[in-house]
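Beneath this line is the structure, given in structure tokens, with notes to follow.
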Amino acid sequence: MNVTNTRTRICKAIDAGDWPLVLRFRRRQTEYFPRSASAWLQYGHALKECGFYDLADDAYLKARDLEPGSGEISLQRGHLQKLRGNIGAAFALYSAALEGWQGDAAPVQVEIDHLRGLAAALVSRGVFPDRDELDCAVYISSVCKVFEESDRTDMSHRIGRSDYSYAFALKGFARALDDLGIDYQILNEVAGIANIRNISTSKKIIHIGFYPPEKINLLKGAYNIICFAWEFERLRLPEENLSYNAFSDQASMLALADELWVPSQYGVESVKRSVRNIVTYMPSPAVIDRNVGWRPKPQTRRAISTAAASLRNVSWVPLSIMPRIQDIMSHDAQRHAASLQKILFNHADSSANPIIYVALFNAYDYRKNIDSLIRGFDAFSREYPNAYLFLKVADEQKLDNGPNASVLHGQMSSPDSLVPSVSSRNIWLTRETLTREQLNTLFDVSRFYVCPAIAEGQNLPLIEAMARRSVPVSVRHTAMNDYIQEDNAVIMTHRTIPAPIGFAERYQMFGVTLYKAGIEDVYDALVRSVAIPEDGYEKMATAAFDTVQTAFGTHRLSERLDQLLS
């Protein structure tokens with residue numbers, strides 16, 4: 001057995017989430033090394049990931065027999081029992097692990113403290129029984145693999161892919177469940193579980209799944225809640241469905257769930273017209289750093305440069321769009337790539353403090369209305385040269401000729417119009433992956449977040465910017481109706497229009513109404529934003545922060561789960 005080659009193949013299979021392949025390799029290792037406790041332990045991990053919990057425990061017991069008193073084996077058996085809802089057994093195993101642990105026991109103590117906190121939380125809810133098993137179990141899953149926001153490499157493999165925003169929503173709910181003291185398990189392969197009641201002994205089992213309608217996965221034996229964002233006035237009609245896929249009809253798929261959670265009031269009303277399920281308004285909880293609430297924004301170039309230290313290695317290129325010679329324009333833009341600090345210090349006018357605006361978007365998300373944003377800001381910055389717009393572009397395709405090409409092909413090209421050229425040294429773009437710390441830093445140094453979108457399901461980046469005291473310059477419709485107000489935002493005007501041909505082509509929906517902010521609307525809102533006096537800005541920034549605390553806390557989730565578990 002080639003150990004090095006096998007280890008490499010196992011690592012690749014784990015990264016790809018191919019647990020059946022990992023299981024095959026781990027089984028072969030136990031055949032080659034039957035007296036190795038480590039081989040049996042890893043075999044148990046693979047069995048657990050594939051849903052074979054009884055066999056996983058057998059493998060762990062075999063490892064324990066080969067290495068009696070191992071704290072690591074007791075810890076892993078504790079994880080398995082907690083996953084199955086056997087909290088009493090899990091607590092005993094974690095305690096045994098603590099006794100036999102070698103080195104820093106913090107990872108084991110965290111699990112013990114978590115179970116104690118869980119027990120206290122459930123006692124307060126009146127649902128903790130006088131036996132080993134829980135009365136309730138919560139499982140969550142997503143159409144996308146959950147990624148680590150502090151790992152740029154992991155994020156770069158996820159950001160920009162289809163439906164990646166569902167993983168962000170799952171993480172928001174997971175953090176909220178942690179804050180509420182509600183235990184949960186993340187399931188990677190829901191389809192591989194024949195019936196959750198063969199695994200869990202809990203009386204009440206809730207599955208919260210984060211899926212678009214066409215990709216729903218239900219957990220048999222559980223109360224299935226599907227969380228999805230919807231931003232249009234209705235679901236796609238059967239006659240608009242051009243796919244032969246049996247799962248492609250949205251209303252039929254959503255009808256399979258016991259309950260639907262939709263993150264905007266507009267979405268709730270739109271979905272209710274097409275389904276008979278329970279449809280609940282449930283926005284994704286936001287991550288709130290309460291220390292931000294009193295922190296003033298940096299204003300001078302030097303203060304911004306210091307505050308943006310974590311962005312020093314992020315490269316931005318100037319906007320440079322000219323369709324017929326885009327390759328040449330992109331190459332020239334790359335020659336002028338610079339960090340945020342260098343961009344600000346190289347600007348000719350040093351007498352005025354820079355005003356930073358930001359926006360985040362997927363290059364191929366037509367809803368973002370980036371063409372109006374770019375052209376409106378270009379006109380605005382000619383009158384206000386100290387204003388800068390930094391655009392963070394997510395693009396899975398990552399075309400060789402840079403973010404300008406991504407914006408041209410994804411946002412500005414349209415089958416019903418020609419694309420005029422536009423370039424600016426006040427508008428800068430990057431396709432680099434930013435960690436959570438870097439995104440927070442970008443929001444911290446920006447005074448405004450700009451959103452001219454034609455429709456939104458919730459708009460998490462805008463909410464995250466508000467939680468960092470950036471004032472929105474935003475339209476107010478669809479999801480934004482729930483939290484954009486006169487006191488916390490510069491409201492951008494919009495008008496209703498019939499969906500253009502480009503929209504119909506991308507979304508396979510015809511005859512729907514959209515909300516469009518034009519170039520003049522963007523320009524007007526930007527002019528109004530720079531006219532806000534400093535004390536007025538501070539009030540709006542504080543109101544934006546307070547709105548996120550109020551509207552996107554844990555209270556809705558807590559109330560609904562109490563209703564379901566009571």
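The values are calculated or read from the model by the stated rules, or taken from the named source; none is laboratory data. Nothing here was measured: the structure is a model prediction, and the numbers come from that model. Don't worry about glycine lacking a Cβ; one is built from the backbone with ideal geometry, like all the others, and counts go over all protein chains shown. We work out accessible area using only protein heavy atoms, side chains counted, and drop any ligands, DNA or RNA first. Shrake-Rupley method; radii C 1.70, N 1.55, O 1.52, S 1.80 Å.
Assorted remarks:
- Under Karplus coefficients 6.51, -1.76 and 1.60, residue-wise ³J(HN,Hα) of the range 401-412 in Hz, glycine/proline x: 8, x, x, 4, 5, 4, 5, 4, 6, x, 10, 9
- For the chain, the orientation-averaged shadow of the C-alpha convex hull comes to 28.5 nm² (one quarter of the hull surface).
- Theoretical ellipticity at 222 nm over the chain - DSSP helices of four or more residues, -39500 (n - 2.57) apiece, nearest 500: -13000 deg cm²/dmol
- Degrees separating the helix 53-66 axis from the principal Cα axis of the chain, which is the longest one: 60
- Here's the list of lysines a cross-link from LYS62 could span, going by alpha-carbon distance under 16 Å and ignoring same-chain residues fewer than 8 apart: LYS48.
- Carbon and sulfur %, accessible surface of the chain computed with the full protein complex present, 1.4 Å: 51
- For the chain, averaging the sequence separation of C-alpha pairs within contact (under 8 Å, six or more residues apart) and dividing by the residue count gives a relative contact order of 12 percent.
- Percentage of interatomic Cα-Cα distances in the range 190-335 larger than 28 Å: 53
- Pairs exceeding a 26 Å alpha-carbon distance, out of LYS203/LYS272; LYS82/LYS272; LYS297/LYS392; LYS272/LYS392; LYS145/LYS392: LYS203/LYS272; LYS82/LYS272; LYS272/LYS392.
- Between ASN313 and LYS203, residue separation times 0.36 nm minus the direct Cα-Cα distance comes to 34.4 nm.
- Restricting the range 387-481 to chymotrypsin sites (Phe, Trp or Tyr not before Pro) that sit in a DSSP loop and have at most 15 other Cβ atoms within 10 Å of their own Cβ leaves nothing.
- A 1.4 Å probe run over the protein chains yields, for the range 425-506, 28 Å² of accessible area per residue, whole-number rounding.
- Nearest-ten-degree value, helix 165-180 long axis tilted from longest Cα axis of the chain: 60
- Only Cα pairs under 8 Å and 6+ residues apart enter the sum, and on that basis the relative contact order of the range 293-391 stands at 28 percent.
- Rounded tilt (10° steps) of 555-565 against the dominant C-alpha axis of the chain: 30
- Average accessible area per residue (Å²) across the range 241-351 - probe 1.4 Å, nucleic acids and ligands excluded: 54
- Charge tally around VAL422: other residues with Cβ under 10 Å, Lys/Arg +1 each, Asp/Glu -1 each, net -1.
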